[in-house]
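Following: one structure in structure tokens, then a few remarks.
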Amino acid sequence: MGLAEEIFAVRGGSGHSGRLLGEFRRTTLLVPLSASEDAGLMSGWQGGVRWIYAFTGEEALARFAGARGAGANAHEWEYVSILGARLVDAVIPTVDGPTGVAVDVADEDASMLFPPVVGIVADAYAVDAGADRADAV
């Protein structure tokens, strides 16, 4: 089962969070680049957390671009392909402040958030890690 199917299963109540996280880590995601001068990964802020936008395919990315007003240019957005594991293990530690991953955010019934918590990101970057856990890393 792919990531989109695992998300669907979890949202429907028949999935398993461990399988979902494993599939997220194994999946190559499309992450749009910011149009700003820094050309970093596109992200947004919600609830004090930076959310990196990631998509399971070009169709999901195009829906997001269209929802943001890209119109006919939706298929021209630049993006990088990156494994979910690399996002949480290598990219998130380089970002200032709490950072998670928002997958397929333009798809109301198929989106999923992977927050910066223990078990998803390294304990040193998890907002719920106690001081004793962070020191052990």
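The values are calculated or read from the model by the stated rules, or taken from the named source; none is laboratory data. Since we're looking at a predicted model, the values are computed, not measured. Counting neighbours? That spans all protein chains shown, and the Cβs are built from the backbone with ideal geometry, glycine included.
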Fill in: The lone exception for Ala124 - which of (1) among the aliphatic types (A, V, I, L, M); (2) touching a helix residue (DSSP H, G or I) at 6+ places or on another chain (Cβ under 9 Å); (3) buried (at least 18 other Cβ atoms within 10 Å of the Cβ) it fails
(3)
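Residue-by-condition table, conditions (1) closer than 24 Å to Glu78 by Cβ; (2) modelled with pLDDT under 95; (3) crowded, with 18+ Cβ neighbours inside 10 Å:
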{"residue": "Gly12", "(1), (2), (3)": "no, yes, no"}
{"residue": "Arg19", "(1), (2), (3)": "no, no, no"}
{"residue": "Phe24", "(1), (2), (3)": "yes, no, yes"}
{"residue": "Leu29", "(1), (2), (3)": "yes, no, yes"}
{"residue": "Ala39", "(1), (2), (3)": "yes, yes, no"}
{"residue": "Gly47", "(1), (2), (3)": "no, yes, no"}
{"residue": "Arg50", "(1), (2), (3)": "yes, no, yes"}
Worksheet item: Which one is modelled with the highest pLDDT, of the residues in the range 66-79 that are surrounded by 13 or more Cβ atoms within 10 Å (Cβ to Cβ) and of a type in the set (A, V, I, L, M, F, W, C)?
Response: Trp77
Worksheet item: Got a sec? Which helices (runs of 4 or more DSSP H) wholly within the range 1-119 have at least 1 residues that are touching a Gly at 6+ places or on another chain (Cβ under 8 Å) and at negative phi?
Response: 3-11, 17-26
Item to complete: Restricting attention to the range 1-56, report how many residues are under 21 Å from Ala85 (Cβ atoms), free of Cβ contacts under 8 Å to residues at least 60 places away in the same chain and out of contact with any Leu (no Cβ under 9 Å at 6 or more places or on another chain).
Response: 11
Item to complete: May I ask you to list the residues in the range 87-137 that are of a type in the set (D, E, K, R) and at pLDDT 95 or above?
Response: Asp89, Asp104
